[in-house]
Amino acid sequence: MITAKSPVTSIVDVTRTGTIVTAWVWASWLNGCGRYSHYEMFSADSVRFITVYGQQPEGAVCTQGFIRYLTGISIPNLPTGSYTFRFWQSDSTTVDTLFTL
């Protein structure tokens, strides 16, 4: 599999179920073979920096053209408070939202 950062283009919704917060986001991929792989997150106080990764099969013949896919990013065990979620869009930009528990 080929894995790479997948730019988040928009945040659709942020929901809470028990102690799990899920951010529903649209992410993009450079061809028709892309799909969600995983995410990485690091924290700085109340800010969560989140990078979404996509993947595609190595050597696959893919349609040429950007696609987007909807995925839920689940973040468990956040204490009560206000948080800024910053999703990677490029090396110089993020898509942000504020969420209060």
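Key figures for this structure:
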| read-out | value |
| --- | --- |
| The range 13-26 - phi-based ³J(HN,Hα) in whole Hz, Karplus 6.51/-1.76/1.60, Gly and Pro as x | 6, 10, 10, 10, 10, x, 9, 10, 9, 10, 9, 8, 10, 8 |
| The range 46-101: C-alpha gyration tensor shape, a/c 1.5 cut-off, then a/b vs b/c | prolate |
| Rounded to whole Hz, the Karplus (6.51, -1.76, 1.60) HN-Hα couplings of the range 37-44, x for glycine and proline | 10, 6, 9, 10, 9, 9, 10, 9 |
| Relative frequency of Cα-Cα separations exceeding 17 Å in the range 2-100, percent | 50 |
| Packing-based ranking, highest mean first, of 79-85, 23-29 given that Cβ atoms within 10 Å are counted | 23-29, 79-85 |
| Built amide H within the under 5 Å cut-off of Leu78, gap 5+ | Val21 |
| The chain: most fluctuating residue of Gln89, Gln55, Gln64 per GNM, C-alpha cutoff 10 Å | Gln64 |
| Cut-off under 5 Å, modelled amide H: who pairs with Cys33 long-range | Thr63 |
| Which of Arg68, Arg48 has the fewest Cβ neighbours within 10 Å, and the rest in rising order | Arg68, Arg48 |
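Laboratory data are not the source of any read-out in this text; all were calculated from the coordinates shown. Quick caveat, the model's predicted, so the values are computed rather than measured. Cβ atoms come from the backbone with ideal geometry, glycine included; neighbour counts cover every protein chain shown.
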